[in-house]
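Okay, so here's the structure we're looking at.
The values are calculated or read from the model by the stated rules, or taken from the named source; none is laboratory data. Here the structure is a predicted model, which is why all the values come from computation and not from measurement. Don't worry about glycine lacking a Cβ; one is built from the backbone with ideal geometry, like all the others, and counts go over all protein chains shown.
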Amino acid sequence: MTRIIGIDPGSRRTGYGIIDMVGSKINYVTSGIIRLPEKSLPQRLHIIFDGVSQIIGQYKPKHMGIEEVFLAHNPSSALKLGQARGAAIVAAGNAGLDVGEYSARSVKLAVVGTGSADKSQVKMMIVQLLRLSEAPTEDAADALAVAICHGHSLGTQSALAQSGVKGYARGRLK
């Protein structure tokens, strides 16, 4: 069994989702949102770091998947998003987790089958794949999607390693 935490970073809300993978079978563990108060950016980054650290300490995942920064229309928003990602990545690094970074398109492709899926399609597939009785919040669903994408990536890396292929990294041969 491999326990994976997925993170959908944000400077206002950071979603998290935890799954267990046994082979190709995916089991839901938990999900939620770290809600950030109206405070200064450094204070919010500290809350993200502490929140992710606490979740990692409680659920003991071995891997983390996190969404990459997308090209935003507002450079200031993109910078804040990058800093939120950094706070979560440092929390994972402190806990010794392997971290995989994925574009939003890669996550959608892994979960829905098309990189151009909208958020409602991602949410619907999360409910189906994890056999949930109700849909998680949007940020939590996105984080679960990142965790599933990372789990698929780990499975591919393992299969290629067993076949003798070396230097594979997230769909690219080095």
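Scanning segment 8-35 for residues that are outside any strand (DSSP E or B), crowded, with 20+ Cβ neighbours inside 10 Å and of a type outside the set (Gly, Ala, Ser) gives a single hit, 9. Considering only segment 59-95, state which residues are under 17 Å from residue 147 (Cα atoms) and surrounded by fewer than 14 Cβ atoms within 10 Å (Cβ to Cβ). 60, 93 - these are the residues of segment 59-95 that are under 17 Å from residue 147 (Cα atoms) and surrounded by fewer than 14 Cβ atoms within 10 Å (Cβ to Cβ).
When the criteria are applied in full, residue 50 fails the requirement of being touching a helix residue (DSSP H, G or I) at 6+ places or on another chain (Cβ under 6 Å), at pLDDT 95 or above and of a type in the set (Asp, Glu). Could you say whether any residue in segment 108-116 is more than 20 Å from residue 153 (Cα to Cα) and either at pLDDT 95 or above or not in a loop (DSSP other than H, G, I, E, B) (or both)? No - not one qualifying residue is present in segment 108-116. Would you be able to tell me the number of residues in segment 96-123 that are exposed (fewer than 15 other Cβ atoms within 10 Å of the Cβ) and on the phi < 0 side of the Ramachandran plot? Result for segment 96-123: 8. Among the criteria (1) assigned to a loop (DSSP other than H, G, I, E, B); (2) under 12 Å from the mean Cα position of the chain (by Cα), the one residue 133 does not fulfil is (2). On the basis of being part of a helix (DSSP H, G or I) and out of contact with any helix residue (DSSP H, G or I) (no Cβ under 9 Å at 6 or more places or on another chain), does residue 154 make the cut? Yes: the conditions hold for residue 154.
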